[in-house]
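Novice: One structure coming up, written as structure tokens, with questions to follow.
The values are calculated or read from the model by the stated rules, or taken from the named source; none is laboratory data. Here the structure is a predicted model, which is why all the values come from computation and not from measurement. Don't worry about glycine lacking a Cβ; one is built from the backbone with ideal geometry, like all the others, and counts go over all protein chains shown. In case anyone asks, the SASA skips ligands and DNA or RNA and just uses the protein heavy atoms, side chains included. Shrake-Rupley method; radii C 1.70, N 1.55, O 1.52, S 1.80 Å.
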Amino acid sequence: MPETQTSLLIVDDEPSVRTSMSRVLTAIGYEVRSAEDGFSALAEIRKEVPDILLSDLVMAGMSGHELLSVVRRRFPFVQVIAMSGAFSGDEVPSGVAADAFYQKGSSVGSLLKLLAGLPNAKRGLPRRSSAAVTPIWIQRAGSANDAGASVTIACPECLRTFPQPIGNSINLLQQADCIYCHSLIPYGIVPPAKRSPDPVLQRVRAEETAQFAGQPQFYY
């Protein structure tokens, strides 16, 4: 059981996921807050930096990919668990700035095991990391042919957001200057993610549901 001082921020756009996870993790001793998207998460982080961040990867507005990139650069001492139903297994997906990965639909025990396996990080003593030069990956919404498209970038330094025109660029590394603190922010654009898992993943989830009947399940 974790110490009561261990704070955890859950970020997910599904209210049922936030509610169920918050209840379980609060019951075992974590100090839990939640946010509905990346922007709300940054607002919570400005109030108080959590010890652990548990975030969905696919969300409207600011995706989990971008949120985790910002957190890794600005707060490298925060332990991060990414979660999604779009990936299978327990390995952190390529390009995701996280310490561990939780597949939605897995048992509560799997999540608790991941949390227990995180190293004890001390605030103010950042681990060695190349995050300072790691670009922020932003999921693009809409058509790739929209020359007037823009995205909202969250500055890793001041945690404020601003719009950035991107034209029809996809998968290209670029740079932007924060309009508030003038920090130079490297970023990359990735195509919109598909929210619907494939049939094989759906079948695997159904089997896991039957196997862990009676335990709370956290779904995508």
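Novice: Just need a number here: residues in the stretch 63-83 that are closer than 18 Å to residue 136 by Cβ and open to solvent by less than 10 Å² (accessible area, probe 1.4 Å).
Specialist: The number of residues fulfilling the criteria is 11.
Novice: Could you say whether any residue in the stretch 40-53 is part of a loop (DSSP other than H, G, I, E, B), over 16 Å from the mean Cα position of the chain (by Cα) and of a type in the set (D, E, K, R)?
Specialist: Yes, that holds for at least one residue.
Novice: Taking the stretch 92-121, which residues are modelled with pLDDT under 85, surrounded by fewer than 16 Cβ atoms within 10 Å (Cβ to Cβ) and over 15 Å from the mean Cα position of the chain (by Cα)?
Specialist: Result: 119, 120.
Novice: Quick check: anything in the stretch 24-33 crowded, with 22+ Cβ neighbours inside 10 Å and in a helix (DSSP H, G or I)?
Specialist: There is at least one residue in the stretch 24-33 that is crowded, with 22+ Cβ neighbours inside 10 Å and in a helix (DSSP H, G or I).
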